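K.L.:
Can you read through this structure? Questions will come right after.
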Amino acid sequence: MIKNTYISSALALALALSGCCHDDPSPTRPSALVLSAAIYDIAAEDASVWHSGEPFGVYMLDGAGAPLSYNARHLADNRGTTGYLVPEGTPLYLPSDGSQVSVTAYHPYDEAAASNGNRTTITIRGNMAPDACLWATAKNLSKTQPRATLGFKSQLAQIRARILNNDPATARIVARIEGAPGKCEFDILEGRYTGTPDCSSPLGITVKATEGAFELDVVVAATESAEGGPGIVVTALDKSGREIRTYPKVAVGAMLGLENGRTFMPNTVYNLAGTLDPANLHLQFTGSSPICVITWGTDPDEEFGTIIKDKNTNQ
């Protein structure tokens, strides 16, 4: 199910509403950009929702890809979850000469992006949601074609695993992924990662204990991992929290079918299944699927100077 959210200014809405009386824009009247935005949540029962005040940035580019408008901040309609979003400042207008332009947009808004070469820094943190970096583009817009739909998709990747516990002594586990991209630059104009990502710091994996099993979940940047690819390390603990053993790192790059064994694909969930025995940890790849973003407005992903924020951070 795809929910469309209409992004426009008061003027853009007025122009749109007047379309029934004026099929073509007046040669002398400026045409405001009118965008609808779709968050792809597959066929989930709970649809993605735009919440009041959600920020995102919009760029307008000329035919050569040079910005005409830089990082225009837009906000969700402040009357509530109506689905309308409006420019915080002046609306964006299409060129008066009728030339075609394109638009790129991302969420959440990073006010430092324009001064940082139209890039934003992605820093992966614990319990991060997969909607923490969304991007979309639309092309061939003009004064006579001022409307477009942006299909936002996550630029992150997610690893999920379900591990059956076959060791009676193991009450819980802690896990981490090593060699995965944890900090990198994202080019907003082109919608891709740039430079060499920082893969030096292990990323903590969220672990949920269920009846007879453990469920693991971690988000990574959808770009290159360290040489040799990423690997998962699991430590088993007893009921008192004392360490029983740490299993050898399980290399998952080739297992997950990553490009060259290292590069994650954006908007992708990688699923693993396995067993934990007293002597061994077994993992196998069971398939991939698109990321399902169904909690769009509930994660406080905005932070000054970046577009990522830990879900558990209250500041």
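Every number here is computed from the coordinates shown, using simple stated rules; none is lab data. Treat the numbers as computed from the prediction; the structure is a model and nothing was measured. Note that we place each Cβ from the backbone using ideal geometry, even for glycine, and neighbour counts take in every protein chain shown.
K.L.:
How do 231-241, 126-136 rank on mean C-beta neighbours within 10 Å, highest first?
P.N.:
126-136, 231-241
K.L.:
Quick check: from the Cα gyration tensor, does the stretch 136-203 come out rounded (a/c under 1.5), prolate or oblate?
P.N.:
Note, shape of the stretch 136-203 comes out oblate.
K.L.:
Still on this structure: List the relative contact order of the stretch 115-242 as a percent without decimals, with contacts defined as Cα pairs under 8 Å and 6+ residues apart.
P.N.:
Relative contact order here is 34 percent.
K.L.:
Using the Cα centre of the stretch 154-216 as the reference point, and only Cβ charges (+1 on K/R, -1 on D/E), how large is the resulting charge dipole? Debye, rounded to the nearest 20.
P.N.:
Dipole of the stretch 154-216, to the nearest 20 debye: 200 debye.
K.L.:
What net charge do the residues around residue 191 carry, taking every other residue with its C-beta under 14 Å from that of residue 191, with Lys and Arg at +1 and Asp and Glu at -1?
P.N.:
In short, +1.
K.L.:
How high is the relative contact order of the stretch 181-266? Use alpha-carbon pairs under 8 Å, at least six apart in sequence, and give a whole percent.
P.N.:
Reported as a whole number, the value is 24 percent.
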